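Below: the structure, in structure tokens.
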């Protein structure tokens, strides 16, 4: 039976948001620092993006730093404050994730962040794929009542985690979004596995000739590629 799924694109600025929406994306994850897995975007980027597209489809990654998903009390408080700031400005949802020292879900942190989000959507990100037992974390997230979970099924790439993704999707109780190295050519198989949506960054490298040097990092930067977005959307529509 024909079945369409949603496409979420990770973007890093207002320009990327406009490109993704123009190419048919259903939802956006706004972040910065995709090369390190993504961190919380600046207030300026957040406000510019919310002004550029429908704020309801913008889901803001709230991650205070790279380097793992176990957070101390100060970091948990910072995440809660950033969540409140994002939803107060109209963002449709937030994307968060936290594990405890044993590799299980940090239930108390998630509960606090859900309270901060209020009625806005809460996605638990790929911290689940770093967990000691992703299936146990999935069960805990269903119990906690988060809106959706972003996962590769515990594999390096989603296409390699099809069996786990199919199991999560069959279990139900929460929206399952496949993410992790997703390419447009993977979307058909992911859709067949039963997931509700797919997540990809659809990036290309631009600005290679830009002036750079010591302290400025490598030349060039990532930008959203409309052709990649459109190809993923076409595959999601079948």
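All conditions but one from (1) outside any loop (DSSP other than H, G, I, E, B); (2) farther than 17 Å from residue 230 by Cα; (3) at pLDDT below 95 apply to residue 173; the one that does not is (1).
Listed here are the residues, each with its yes/no results for (1) part of a helix (DSSP H, G or I); (2) modelled with pLDDT of 95 or more; (3) in contact with a strand residue (DSSP E or B) (Cβ under 8 Å, 6 or more places away or on another chain); (4) more than 19 Å from residue 25 (Cα to Cα).
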site: 185; (1), (2), (3), (4): yes, yes, no, no
site: 205; (1), (2), (3), (4): no, no, yes, yes
site: 211; (1), (2), (3), (4): no, no, no, yes
site: 219; (1), (2), (3), (4): no, no, no, yes
site: 222; (1), (2), (3), (4): no, no, yes, no
site: 229; (1), (2), (3), (4): yes, yes, yes, no
site: 235; (1), (2), (3), (4): yes, yes, no, no
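What are the residues in the stretch 137-163 that are in contact with a strand residue (DSSP E or B) (Cβ under 8 Å, 6 or more places away or on another chain) and part of a helix (DSSP H, G or I), if any? Before the answer, list the steps.
Step one: list which residues in the stretch 137-163 are in contact with a strand residue (DSSP E or B) (Cβ under 8 Å, 6 or more places away or on another chain), which gives 137-138, 140-141, 144, 146-153, 158, 161.
Selection gives 137, 138, 140, 141, 144, 158, 161.
Among the criteria (1) surrounded by 21 or more Cβ atoms within 10 Å (Cβ to Cβ); (2) touching a helix residue (DSSP H, G or I) at 6+ places or on another chain (Cβ under 6 Å); (3) not in a helix (DSSP H, G or I), the one residue 123 does not fulfil is (2). Applying the condition of being surrounded by 18 or more Cβ atoms within 10 Å (Cβ to Cβ) and under 14 Å from residue 199 (Cβ atoms) to the stretch 30-48 and asking which residue is modelled with the lowest pLDDT yields 38.
Test residue 9 against the stated conditions and say whether it is at pLDDT 95 or above and assigned to a helix (DSSP H, G or I). It is false that residue 9 is at pLDDT 95 or above and assigned to a helix (DSSP H, G or I).
Results for (1) surrounded by fewer than 23 Cβ atoms within 10 Å (Cβ to Cβ); (2) more than 20 Å from residue 107 (Cα to Cα), shown as yes or no for each residue.
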position: 142; (1), (2): yes, no
position: 150; (1), (2): no, no
position: 155; (1), (2): yes, yes
position: 160; (1), (2): yes, yes
position: 168; (1), (2): no, no
position: 176; (1), (2): no, no
position: 183; (1), (2): yes, yes
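Over 14 Å from the mean Cα position of the chain (by Cα), over 26 Å from residue 135 (Cα atoms), assigned to a helix (DSSP H, G or I) and in contact (Cβ under 8 Å) with a residue 24 or more places away in the chain - does that describe any residue in the stretch 56-63? Yes.
Residues of the stretch 4-29 that are over 22 Å from residue 180 (Cβ atoms) and surrounded by fewer than 19 Cβ atoms within 10 Å (Cβ to Cβ): 15, 18, 22.
The values are calculated or read from the model by the stated rules, or taken from the named source; none is laboratory data. As the structure is a prediction and not an experimental result, all values here were calculated from the model. Reconstructed Cβ throughout: ideal geometry from the backbone, glycine too, with neighbour counts over all protein chains shown.
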